[in-house]
Amino acid sequence: MNREVEREITGRAENLQATLFGAESGGRPVLEHPNLPENTRAAIASATESIRVSGGTAPGALEVSTEAIAVAAGVLARVNERVGDVLLGTTVADMEVAAWTMTGHPLLGAAAASAAHSKAALVATQARVTLTHLRVASAQHHYEMVEASVGSLFGPGILIMPGWNLTGSATRGMRTALDEFTTAVKRADITTPAQFATKVRVTSFGVVVAGGGPEGTNVVIRGVGLDDMLDSGLRIPLPSALMSRSQAYRELGGQPGDEFTLGQYARVWADGLLTGIGETEAQLGAEEARLQSELGASWPVVRTAVNGLSGTPGFTWLAPYTTGRNLSPAERLLYPYVRAHAVRPKARETMTGMAPGNASAHGIAPLARRPLPTGVEFDGAAPVTVGGTAAALKDAKNVVQGRENSTVLVQKTTDRSGRAAFSVVLTGTEVWHDGRGVHDIAGIVAAMKAQPHDALGDLPPAQRAVNEALKDAGIQPGDSVVLSGHSLGGIDAAGLAMNREFQQLYSVAALTTFGAPVGGFEFSQETSVMAVEHNDDMVPPLDGIKNPDGENRSTVRVDTQYNDQFSAAGSLSGVGAHDMYVYALGAQGISNSTEPAVMNHERALGAAIASGAGARTETYMYEVMEDHVVHNPEDR
């Protein structure tokens, strides 16, 4: 259903720095949340301890393989044996040389001394090899014990789960569990079987080690989590021979021989389903409006009869008239389950620039009503660290209250010399249906469909709002821009970073995403890219593509304690690990680390954004709202 969308900008954005961060806003309170860990310092520390980096300039986290250790121990044993054979074999020769030295010939004496020196060096080498072999054998024994312990705890539940070992995701999860379990047992000072039985308990959502976390907290070890399972399943490639004639294959831009994963196909199918249902409902809405006009007062009676009979045995033939006549059989089967999430055509889009004068009318909350967790700080200056970026995202999530937060935030920094740079903050999904704002299910569909060659005017609404805010802030061609986003906001930030027209206009210095599926996006080598993911977060794997690694591109994974991991429902949902407040804690732990990839990314942020004494920050915001062709399909 093609329809021209009416777009309107009602006023330009003005500087909101004083409104959002001025002294009159009041002091910032501490965030209280039922799922927030009581000891946030321990949560931050757990992120620092569990950090695992791939890509960037970091060598990557240490991964322990007992098989590799066994191979190394075997090699050292053979080397030690060969050295022993050499020592034994030279003994007779050394004795003969020693006997000849009794003749007093100087050359023979020198030869004997040289042989003795070489043998002493060989003996010292053998001693070092023997010591190394003993240490490796000890490490092998230690890790085999840990592996056996964790395997006995996780094994029965994991091994029967389909597809648990399809990709490296499950292996990564198990290796993470092994390392975490080792650390937890050591920290809890478990040295006897009785202590093990007392302090370690198996639950439906993982292994709890009492006192095994930072600062004496309990720690939960998940093993292969549901995020690993999802990642494994969605990365399964589907043969092009089977899919090359499908509409999904064409939409993915497949060429002969190309293969795409189940996750990539699933995204296209989901987009098509949600969009198709929305368009069908819009068509039905228009037809019902015509019938209502023709039938007048009798229309409510007719509609009630049709809606009632459609679910009655013998009258199911009426269902197409209430659930969409153009839906395929599969779509009609899924309709009752996805109807609430359908993406409906837009009739009008209104973009409003936020200003001090209209802040109250648009629900902008002062500092005193925007709490942050203990240990997380954001004073309003554009952030130059991973932790500060996450704090800015959490704060932006709270900026609008009492209504759907459908805003984008751009901060302009100016140093003493007048050099300007810009920081973009894009928050995540607000509602999981097609709401009036743009941080919704329709926003996800639009953002995942964006292509590098799209014109700026054809980008999804949130990304176009960023362009408007940048222009209001006074951006000039060639100015530096850093982009950050959580969840859907991360997808939008990645879409802008990869857009060729945007890259030609501005210098995209850095991109930081939190809990976002961005594996399929390609970026310039000039942009420092870091994807932050929690190990239990089920959102990043949804694209079905592994995040590429490169000198300028890295993925950082951490574990952050959160209370809903101690309930079966919370552990199965993956919601707690995805929340931005948890990422704000995890990001502080990341910034506290000394990982080279993290330090290099933060150097890129600091080089682009002016900070410190003499730097000035301005803040600009836009709100985007939509009117749909069908406002509420339940009214039919």
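The values are calculated or read from the model by the stated rules, or taken from the named source; none is laboratory data. This one's a predicted model, so the numbers in the text were calculated from it and none came from an experiment. Note that each Cβ is placed from the backbone with ideal geometry, even for glycine, and that neighbours are counted across all protein chains shown.
Residues that are modelled with pLDDT under 90 and of a type outside the set (A, V, I, L, M, F, W, C) were ranked within the range 337-372; the one that is nearest to Glu626 (Cα to Cα) is Lys346.
Within the range 6-25, being exposed (fewer than 13 other Cβ atoms within 10 Å of the Cβ) and farther than 21 Å from Gln411 by Cα holds for Glu6, Glu8. Taken together, the residues in the range 331-381 that are of a type outside the set (A, V, I, L, M, F, W, C), within 29 Å of the chain's Cα centre (by Cα) and farther than 30 Å from Ala615 by Cα amount to 4. Please work out which one of (1) crowded, with 24+ Cβ neighbours inside 10 Å; (2) in a helix (DSSP H, G or I); (3) not small (Gly, Ala, Ser) is the condition Leu542 fails and give its number. It fails just one condition, (1).
Selection of the range 408-428 for residues being at pLDDT below 95 and of a type in the set (S, T, N, Q) yields only Ser417. Within the range 404-458, the residues that satisfy the criterion of being assigned to a loop (DSSP other than H, G, I, E, B), in contact with a helix residue (DSSP H, G or I) (Cβ under 7 Å, 6 or more places away or on another chain) and farther than 24 Å from Gly388 by Cα are Trp432, His433, Asp434, Val438, Ala450, Pro452, His453, Ala455. Take the conditions (1) loosely packed, with under 13 Cβ neighbours inside 10 Å; (2) modelled with pLDDT of 75 or more; (3) under 30 Å from Leu88 (Cβ atoms); Val136 misses just one of them, which is (1).
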